[in-house]
Every structure is written in C-alpha cells, then in structure tokens.
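The values are calculated or read from the model by the stated rules, or taken from the named source; none is laboratory data. Note that the coordinates shown come from a computational prediction; the quantities given were computed from them, not determined experimentally. Heads up, the Cβs are rebuilt from the backbone with ideal geometry, glycines too, and the neighbour counts pull from every protein chain shown. The protein model used for the area step is the full one, side chains on, heavy atoms only, and it has no ligands, DNA or RNA in it. Shrake-Rupley method; radii C 1.70, N 1.55, O 1.52, S 1.80 Å.
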Amino acid sequence: ATYEAFLAAVHPDDRAAVDAAFTESLQKNLDGYEIEHRVVRRDTGEVRFVHEKCEHFRDADGRIVRSIGMVHDITERKRADALRQALAEQERLRLGAAVEQASEAVVMVDLDGRIQYVNAAFKTINRLPLSDPNGQDYIDLVGGGPTADDIREAVRHGKVWHGHLTRSLAGERPIELEVTISPAKDPGGTLLGGLITERDVTAETILRQEVHRAQKMEALGTLAGGITHDFNNILGAITINTELAMLDLDEKDPARESLPLILKAAHRGRDLVKQIVTFSRQRERERQPVQIAPTIKEGLKLLRSTFPETVEVHESIGAEAEMVLGDPAQLHQILSNLCQNAALALCGNRGLIDVKLEAIQVDAALAARHPDLKPGAYVRLIVADSGCGMPRETLERIFEPFFTTRSQGEGSGLGLSVVHGIVKSYGGTVTAYSEVGKGSTFSVYLPCFLKKGQLREPPAAPKIETGSERILLVDDDQAQLKGLARMLERFGYHVTARSSGRTASTAFKKDPRAFDLIVTDQTMPRMSGIELARSLVKVRPDIPVILCTGFSEKVNGENVGHDGIRAFIMKPFTAQEISGLIRKVLAGRGVNRVGE
C-alpha cells in the first residue's frame with residue numbers, strides 16, 4: 001500500500017495530473033484535494049472514470065502525517081453526461097439548420113444593438129450585399145425615429161416588442177417588415193441582448209392596399225350611379241337650350257359672346273362625369289386591337305403643343321409591332337393624364353419629361369411583386385419627370401379618387417384615378433416611384449394582344465342632319481324634354497313630347513302608325529325606357545327606338561337589337577350627335593352607342 005502502487009492504478013495519461021494535485025496540496029499545506037481521472041482495472045484492464053477526494057491529517061505540530069482518500073467510480077454518470085451532451089449538440093445543430101433554412105429573418109444582437117448573428121434569410125429579405133453584417137448596428141438599418149428608440153429600449157431592458165417597419169431602398173419599392181423582438185438570456189438568466197425575427201409582408205401590404213383602393217372605387221361607383229343621371233340631365237338641358245339660343249339669336253346680338261362660354265363649361269362638366277364613369281362603371285368599354293406605338297406617338301405630337309417652352313420632352317417609342325386590346329381614346333387619356341401630371345410636377349421650372357414605350361416579358365418574380373400581373377408578354381409605358389418628387393405619404397394616395405396636391409380649382413384629383421381604373425380594367429397595372437427633389441416615374445403595364453388583326457377606322461365626326469319624320473319624345477325631366485323637343489322641331493321633325501312612359505304608351509297605342517321613331521329616356525318613374533320599348537314593339541314590332549341615359553348599369557351595347565332598341569346615346573349629347581344618330585337609325589344602319 002504505497003503511493004507508487006496507487007499511481008500505478010491511474011491511467012498513464014492522467015498520472016501526471018493526479019501526482020501534481022497531490023504534491024501541490026502538500027506544498028501549499030492544504031487540507032486536501034479533489035480530482036476526476038481515469039483508472040485501469042487490474043483484473044479486466046477496463047478503463048473507468050473515478051472521482052477522487054483526499055483529506056490530509058496533521059500531528060500536534062500541524063504537520064501533515066497521513067492522507068486518507070476515497071475513490072468513487074463515476075463511469076456511468078460520465079457516459080450519461082456524454083450522451084446528454086451529444087444529444088444537446090445534435091439538437092443545437094438541428095435548431096441551427098432550421099434557423100438557417102427559415103423563410104423569416106433571424107437576428108441576434110447584443111445589449112448595444114450590434115449584430116452577433118444573422119441567418120441566410122436576413123440578407124435576402126433586406127436586399128443586403130453578401131458582406132458579413134456581424135458587428136454592425138441593427139438600429140442603423142432601422143433608421144431614426146420613435147420606432148428605433150422603441151427597439152433600442154426593448155433590447156437593453158429585455159422587453160418583448162412587436163411592430164411594423166418600412167425600410168426604404170434606392171430605386172425600389174420600400175420593404176414592409178413585421179418585426180418581433182424577444183430577450184436573449186444565458187442559462188443562468190443573465191440578459192445577453194435581443195433575438196429579432198423579421199417577416200417580409202410587402203406582398204401582403206400591396207394586396208391590402210389594392211383591396212382598400214378597390215373598396216374606395218366601389219364606393220365611388222355607387223355614388224356615381226346615384227348622381228350621374230341627374231347631373232347629366234342638368235347638363236343636357238344646359239347644352240340643348242344654349243345651342244337653341246345660339247340658333248335663335250341674331251349674329252350681332254351681344255349675348256352670342258357669352259353662350260359659347262356656357263356651352264364650353266357644360267362640356268367640361270360632361271367630361272368630368274365621363275371620367276367618374278370611366279372607373280366606376282362595372283362594364284368595360286368596347287375594345288379593339290390597337291397598335292399602341294402609333295397611338296402613343298400621335299398622342300405625344302398633340303401634347304407637345306400644350307407644354308410651355310421650359311418643358312423638354314424626350315421620347316423613345318419601341319414595341320412598334322405590339323398590339324393591345326383597348327380603346328384608342330382611353331390610351332390617349334392614359335398618356336395625357338400622366339404627361340400633364342409630369343408637367344405640373346415641374347412647377348413651372350425648366351425640366352424634362354421622358355416618355356418610353358417598350359416590350360417586356362413579365363416573369364414570375366415581377367408578377368409576384370405586382371398581384372395584378374400574370375407572367376407573359378406586356379408593353380410598358382414609362383413617363384418620368386425631373387420635377388419636385390413626392391414624399392412617401394403622398395405617393396401612397398396618388399391613385400385615390402379626388403386626392404390632389406394642387407391648389408383649389410387647379411384640378412379635380414381624378415386624372416391618376418382614371419389612369420388606374422383604365423389600366424386595371426385592361427388586366428394591367430400602374431406603379432409609381434418618387435423621391436423628394438428627384439422627380440417621379442410612372443410605369444404602365446398593358447398585356448399584349450397576340451392575335452394581330454386590322455384596325456378599324458375611327459368613325460367620322462357627326463354633322464347636323466335634318467329630317468321630316470314623326471318622333472315620339474319621352475323624358476321625365478321637363479327642361480330636357482322641352483329643350484330637346486324644340487331642337488328636333490328646328491331640325492324639321494314633327495315631335496310629340498310626353499313626360500312619362502305610361503302617357504307615351506297611351507299616345508302610341510292610339511295610333512301606332514303615327515310615329516316613325518321613339519326617342520326615350522331610360523330612368524323614369526314607374527316605367528323605364530326599356531320597359532316602354534318592350535311594350536311598344538308588342539304593338540308594332542318594326543318601330544325603332546333610341547334609348548337615352550345619363551348613367552345606368554342596365555343600359556349598354558347588349559341592349560341594342562332587343563325590344564326594338566336600335567341605338568343608345570349617353571347624356572349630355574350635342575345637337576350634332578343626336579341629329580346624326582337619328583338619321584342613322586331611320587336609315588336602318590346598325591348603331592351601338594354614342595357619347596360614351
């Protein structure tokens with residue numbers, strides 16, 4: 001039982017450590033020592049782990065005279081600990097792999113907000129370069145303001161924070177992030193920093209804005225349906241009676257100088273109502289294949305003369321062979337509204353408007369950023385200006401009806417709303433990017449029409465035509481009825497005027513052959529224009545009917561050819577439009593609609 005025999009039982013690799021522990025305790029006059037090491041069993045040669053505890057005993061003079069120790073076999077505990085560590089390491093690796101492969105960004109920051117760890121999604125979501133962001137200040141990415149202060153407070157004091165962040169990117173749409181911060185602590189509960197998760201909700205935000213905008217458009221459409229008919233009746237009465245006055249007055253009468261101004265104001269009111277109807281009506285206008293490049297070139301040629309000399313227009317018109325299924329007038333309206341908006345953004349200063357048309361293939365990535373687009377062939381119309389630009393708050397509202405940054409009386413706030421409504425009805429989308437002091441860029445995407453066909457020639461401008469036929473005129477608006485009756489009589493017609501569908505039906509049934517044509521309003525109490533036409537053709541199937549309307553979703557091109565209806569015309573209309581339409585209908589030529 002010697003010390004040497006004891007050391008011989010210790011594993012060769014651990015003998016030096018055990019001897020050092022024993023020797024050091026003696027040299028330092030300690031009461032004992034503890035150490036874990038391995039031993040080799042003499043009987044089996046098996047290596048075992050032991051916990052060794054030694055206590056020194058002293059004589060009366062305080063000298064260490066003997067040592068008594070206990071050796072405890074801890075092999076099974078060691079193996080259990082090793083297994084637990086291995087399992088913990090595997091769990092850590094699995095967790096790390098899950099974090100690295102997560103679609104959400106995961107960021108670990110210290111108490112000062114410096115980044116200690118990010119997963120792969122962090123760089124993707126935040127559009128960051130491949131350089132290592134570790135050590136950078138996370139708050140710098142957020143920018144200043146109350147949100148940054150809230151994040152810094154949450155990290156430093158171990159609070160939970162949940163909120164929304166918007167990160168601006170040069171030349172791109174801002175990133176919308178949903179962010180959650182949780183305290184990060186060690187096993188002992190000491191606060192180490194914050195664990196931040198970011199979820200990209202840009203697409204959801206865009207979709208939510210589109211739904212919100214669609215709800216506004218729907219509400220405006222309901223409002224338009226309620227007021228447009230009455231408003232157009234008022235404008236119709238003004239237009240008809242002003243034109244009558246111009247016919248009645250002598251050429252030298254001083255009042256003739258004022259009447260054209262009244263007529264011009266009525267036409268402006270009609271155009272305003274048409275803009276409302278453009279994006280509030282549920283039914284689309286009749287469309288045809290249109291070669292878009294010549295249409296844009298023609299529109300630019302007309303627009304150049306309206307700009308002051310301080311405005312320089314650059315154009316780059318490609319996509320020469322591409323067609324879209326649309327309406328030339330609406331395409332002109334898109335270009336006109338965007339260019340006029342660009343000119344106003346220059347605020348009277350010298351500046352540039354850049355107009356570009358190009359063919360583009362929309363891929364899955366671009367379609368994902370714009371929910372209204374589907375992968376395929378498109379033409380893109382870009383109108384950019386070097387003007388004052390817009391802050392983000394304004395940019396978010398520019399397509400709202402009646403929203404305008406102009407002074408009172410300078411604009412209706414419908415121009416960009418009309419553009420948005422037309423483009424969306426074509427299956428396209430319009431985007432806007434702007435920075436204060438750096439101008440604005442609007443991009444219109446329109447799907448290509450792949451089946452190229454011949455373009456129809458635009459109809460010739462109508463002229464006042466006269467006749468001598470007998471017309472039954474029906475309208476519940478007395479001003480409209482009296483004015484239109486006088487006008488038709490001036491054109492040579494014999495007019496019987498009635499203010500309701502029932503009285504008109506009674507007059508017609510007394511002598512069905514006494515009339516050559518029915519001109520009736522649609523929206524009337526008790527009996528609508530369509531119901532009147534339906535009742536009259538039962539008595540006389542060959543009687544032609546012209547249907548007039550200020551606004552009605554029930555009246556469109558599909559009504560033509562049914563119930564004796566040969567054509568319909570939108571109020572307010574001019575003398576030239578109604579006289580030309582009457583002659584076409586009486587001549588038996590197919591006509592769909594006038595004045596839309």
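Which residues, counting only those in region 349-373, are open to solvent by 20 Å² or more (accessible area, probe 1.4 Å), in contact (Cβ under 8 Å) with a residue 40 or more places away in the chain and either not acidic (Asp, Glu) or not in a strand (DSSP E or B) (or both)?
ARG350, LEU352, LYS356, ALA359, ILE360, ALA368, ARG369, HIS370, PRO371, ASP372
Could you list all residues from region 176-203 that are of a type in the set (A, V, I, L, M, F, W, C) and over 20 Å from ASP149 (Cα atoms)?
Answer for region 176-203, where residues must be of a type in the set (A, V, I, L, M, F, W, C) and over 20 Å from ASP149 (Cα atoms): VAL201, ALA203.
Out of everything in region 293-343 that is in a loop (DSSP other than H, G, I, E, B) and polar (S, T, N, Q), what residue ends up being modelled with the lowest pLDDT?
SER305
Conditions tested, residue by residue: (1) under 19 Å from ARG583 (Cα atoms); (2) modelled with pLDDT of 90 or more; (3) more than 46 Å from the chain's Cα centre (by Cα); (4) not hydrophobic (A, V, I, L, M, F, W, C).
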{"site": "ARG470", "(1), (2), (3), (4)": "yes, yes, yes, yes"}
{"site": "ARG502", "(1), (2), (3), (4)": "no, yes, yes, yes"}
{"site": "PHE508", "(1), (2), (3), (4)": "no, yes, yes, no"}
{"site": "PRO512", "(1), (2), (3), (4)": "no, yes, yes, yes"}
{"site": "ASP516", "(1), (2), (3), (4)": "yes, yes, yes, yes"}
{"site": "ARG526", "(1), (2), (3), (4)": "no, no, no, yes"}
{"site": "VAL537", "(1), (2), (3), (4)": "no, yes, yes, no"}
{"site": "SER552", "(1), (2), (3), (4)": "no, no, no, yes"}
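Here are the criteria: (1) open to solvent by less than 70 Å² (accessible area, probe 1.4 Å); (2) within 26 Å of SER425 (Cβ to Cβ); (3) in contact with a strand residue (DSSP E or B) (Cβ under 8 Å, 6 or more places away or on another chain). Tell me which single one GLY299 does not satisfy.
Among (1) open to solvent by less than 70 Å² (accessible area, probe 1.4 Å); (2) within 26 Å of SER425 (Cβ to Cβ); (3) in contact with a strand residue (DSSP E or B) (Cβ under 8 Å, 6 or more places away or on another chain), GLY299 violates only (3).
Looking at region 1-19, which of the residues that are among the aliphatic types (A, V, I, L, M), out of contact with any strand residue (DSSP E or B) (no Cβ under 7 Å at 6 or more places or on another chain) and open to solvent by 50 Å² or more (accessible area, probe 1.4 Å) is nearest to ARG48 (Cα to Cα)?
Top of the filtered list is ALA8.
Could you tell me whether any residue of region 85-103 is in a loop (DSSP other than H, G, I, E, B), open to solvent by 40 Å² or more (accessible area, probe 1.4 Å), farther than 28 Å from ARG173 by Cβ and of a type in the set (Asp, Glu)?
no
Can you tell me which residue in region 40-62 is surrounded by the fewest Cβ atoms within 10 Å (Cβ to Cβ), limited to those that are out of contact with any Asp or Glu (no Cβ under 8 Å at 6 or more places or on another chain) and within 21 Å of ALA1 (Cβ to Cβ)?
The qualifying residue surrounded by the fewest Cβ atoms within 10 Å (Cβ to Cβ) is ASP43.
Go through region 148-177 and give me each residue that's of a type in the set (Asp, Glu) and over 24 Å from GLY193 (Cβ atoms).
Result: GLU172, GLU176.
Rundown of residues vs (1) touching a residue at least 24 places away in the same chain (Cβ under 8 Å); (2) part of a strand (DSSP E or B), yes/no style:
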residue	(1), (2)
GLU4	no, no
ASP13	yes, no
PHE22	yes, no
HIS72	no, yes
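Return only the number of the condition from (1) at pLDDT below 80; (2) open to solvent by less than 60 Å² (accessible area, probe 1.4 Å); (3) touching a Gly at 6+ places or on another chain (Cβ under 6 Å) that PHE402 does not satisfy.
(2)
For region 129-248, give me every one of the helices (runs of 4 or more DSSP H) that falls completely inside it and has 1 or more residues that are modelled with pLDDT of 75 or more, under 35 Å from the mean Cα position of the chain (by Cα) and within 22 Å of ASP110 (Cβ to Cβ).
So the answer is 138-142, 146-157.
Would you tally the residues in region 470-495 being open to solvent by 10 Å² or more (accessible area, probe 1.4 Å) and in contact with a Phe, Trp or Tyr (Cβ under 7 Å, 6 or more places away or on another chain)?
Within region 470-495, residues that are open to solvent by 10 Å² or more (accessible area, probe 1.4 Å) and in contact with a Phe, Trp or Tyr (Cβ under 7 Å, 6 or more places away or on another chain) number 1.
Taking region 24-39, which residues are open to solvent by 50 Å² or more (accessible area, probe 1.4 Å) and within 16 Å of TYR3 (Cα to Cα)?
GLU24, LEU26
Looking only at residues that are modelled with pLDDT of 90 or more and either surrounded by fewer than 21 Cβ atoms within 10 Å (Cβ to Cβ) or polar (S, T, N, Q) (or both) in region 446-465, which one is nearest to LYS424 (Cα to Cα)?
PRO447
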